[in-house]
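Enquirer: Just passing along the structure, written as structure tokens.
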């Protein structure tokens, strides 16, 4: 698109300019952002002081004096007060929590878990299930999750606790009974039921086995999901997020779909949403056609479809991530959800239908399976440019890193996964062993290999606080500065690289790089005014940076309390 540079030093969008006696006149903006330190992400104009917005799009970028001169009586003026402004953050891998649950992250012990559950249970009705999320193996004696403490504290009501990663459930005896799980119950396909040395149930249900009890839980209503969506969008905006890529894989039905449709209908969408459809090995031509139709019918600015989400393996903490070699402390190579032939056939079918695919793959074997499947699809279908993705891609084999760029595959990584917390250091690392741990969540390896890397949070696995994620990727330390040397510090990346992964690269991963991720003329006005200048401040304090103001499509969606 051709642009004109006026004498005021502005870049102005010609198509929005009115002609008056042959002299181009800039349109009156709806919003101007003034006195800012704008990091545009645009190589042609990397820094600016101000920008103007009309009908949700940026119409001019330049100096504050020139932008202020464009304003009319009805123009809203946002004075940034010299603060740093960057493009709105785009969380490339996010999930919607659909119900209230006890927060168990950083519990540290069985006793603390029980205490939090008891406090949460006091807010519930007597017949409600007690649920929680966020535990890790390090919260239990000997790193072995067991139901005994839950049975003692809740002998008469069902308890179901989801681990931090969302791939394991710990259930008490009442919940196991509700699900019909006994010591003789066989492992379901793609699932494992935990037993102790004597064969008794531990209450641990991994991957598909968790459905045995989850299927008995009372369903949530569409209104409950809608209210959760509203709350989560408000939280996202408070962190400077203007786009969420939802990796839950729900089709055009059910309470989640109804919640998104209601938000559209009632005009309460505060964050742009890109939603996934299911990736299944048995998807029919009719299924694929319906997914394409869903994409075509939801191609607006606020809610879109167009990607299919599937899982190849589980997690390292649960020994279900599929590995090329056995775990360091156990003769086990994980739990692949597909055979190679099944995966390649399914990916080829989705690819042939014109659908982008995102595959959860954490272990090096699962990552290789995903790359092989994408290569196979391109070969048999003669396609390219699908921008298929590998989600999490935590422990890649070094030989596979160049394949991301060669195949045009997106590395969809999560910045906060580099946090060296208790679960990472006492469970994750020992299971991998030093060689594999040294290349886990190593974001610099993907950058050095030339791959497009899109950052996300995997919320609610980790908080969607973008600045905490940027701090982790840049320092590879916890907010308290530990460990002092950083967690494999050779994999640290720059602040600018981390911001790009949360903006332009995340937009590229959803085919929206021409629309957002950069603050330039013609793109949508999605931006965040930050409390501090993240490019000049000490990196150790990045985690404390907050969003002062968030703007999505030219509309203020968050304003920090004064």
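For (1) assigned to a helix (DSSP H, G or I); (2) buried (at least 16 other Cβ atoms within 10 Å of the Cβ); (3) outside the structural domain of residue 509 (by TED's automatic domain parsing); (4) touching a helix residue (DSSP H, G or I) at 6+ places or on another chain (Cβ under 6 Å), each residue gets a yes or a no:
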site	(1), (2), (3), (4)
227	yes, no, no, no
245	no, yes, no, no
259	yes, yes, no, yes
262	yes, yes, no, yes
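Enquirer: Then there is this: Which of (1) within 22 Å of the chain's Cα centre (by Cα); (2) crowded, with 20+ Cβ neighbours inside 10 Å; (3) more than 29 Å from residue 168 (Cβ to Cβ) does residue 320 not meet, given it meets every other one?
Expert: So the condition that residue 320 fails would be (3).
Enquirer: Working only within region 499-517, note down all residues that are surrounded by fewer than 24 Cβ atoms within 10 Å (Cβ to Cβ) and part of a loop (DSSP other than H, G, I, E, B).
Expert: 511, 512, 513, 514, 515
Enquirer: Picking from 388, 392, which residue would you name as being on the phi > 0 side of the Ramachandran plot, crowded, with 24+ Cβ neighbours inside 10 Å and touching a residue at least 12 places away in the same chain (Cβ under 8 Å)?
Expert: 392 is the lone residue from the list that is on the phi > 0 side of the Ramachandran plot, crowded, with 24+ Cβ neighbours inside 10 Å and touching a residue at least 12 places away in the same chain (Cβ under 8 Å).
Enquirer: Continuing with this model, one more query. Do we have residue 426 as farther than 30 Å from residue 132 by Cα, assigned by TED's automatic domain parsing to the domain that holds residue 237 and touching a helix residue (DSSP H, G or I) at 6+ places or on another chain (Cβ under 6 Å) here?
Expert: Here the answer is no, as residue 426 does not meet what is asked.
Enquirer: If you don't mind, there's one more thing I want to ask. How many residues are farther than 26 Å from residue 247 by Cβ and either outside any loop (DSSP other than H, G, I, E, B) or touching a helix residue (DSSP H, G or I) at 6+ places or on another chain (Cβ under 6 Å) (or both) if we restrict to region 189-203?
Expert: Result for region 189-203: 6.
Enquirer: Under 6 Å by Cβ, and 6 or more places apart or on different chains, what pairs join a residue from region 62-76 that is in the same structural domain as residue 30 (by TED's automatic domain parsing) and closer than 10 Å to residue 29 by Cα with one that is surrounded by 15 or more Cβ atoms within 10 Å (Cβ to Cβ) and modelled with pLDDT under 95?
Expert: 70/26
Enquirer: Does residue 291 satisfy being within 19 Å of residue 94 (Cβ to Cβ), surrounded by 15 or more Cβ atoms within 10 Å (Cβ to Cβ) and either without any contact (Cβ under 8 Å) to a residue 24 or more places away in the chain or assigned by TED's automatic domain parsing to the domain that holds residue 464 (or both)?
Expert: no
Enquirer: Mind listing just one residue for me: the one in region 201-220 that is more than 24 Å from the chain's Cα centre (by Cα) and closer than 20 Å to residue 319 by Cα and, of those, surrounded by the fewest Cβ atoms within 10 Å (Cβ to Cβ)?
Expert: 202
Enquirer: So which of 437, 442, 418 ends up being modelled with pLDDT of 95 or more, in the same structural domain as residue 367 (by TED's automatic domain parsing), within 30 Å of residue 331 (Cα to Cα) and surrounded by fewer than 23 Cβ atoms within 10 Å (Cβ to Cβ)?
Expert: On inspection, the qualifying residue turns out to be 437.
Enquirer: Also: Scanning for something buried (at least 18 other Cβ atoms within 10 Å of the Cβ), at pLDDT 95 or above and more than 15 Å from residue 309 (Cα to Cα), does region 345-360 turn up at least one residue?
Expert: For region 345-360, residues buried (at least 18 other Cβ atoms within 10 Å of the Cβ), at pLDDT 95 or above and more than 15 Å from residue 309 (Cα to Cα): absent.
Enquirer: In the set 149, 153, 122, which member is without any contact (Cβ under 8 Å) to a residue 12 or more places away in the chain and outside the structural domain of residue 460 (by TED's automatic domain parsing)?
Expert: Only one candidate passes the filter, namely 122.
The values are calculated or read from the model by the stated rules, or taken from the named source; none is laboratory data. As the structure is a computational prediction, the values presented were derived from the model and not from experiment. Heads up, the Cβs are rebuilt from the backbone with ideal geometry, glycines too, and the neighbour counts pull from every protein chain shown.
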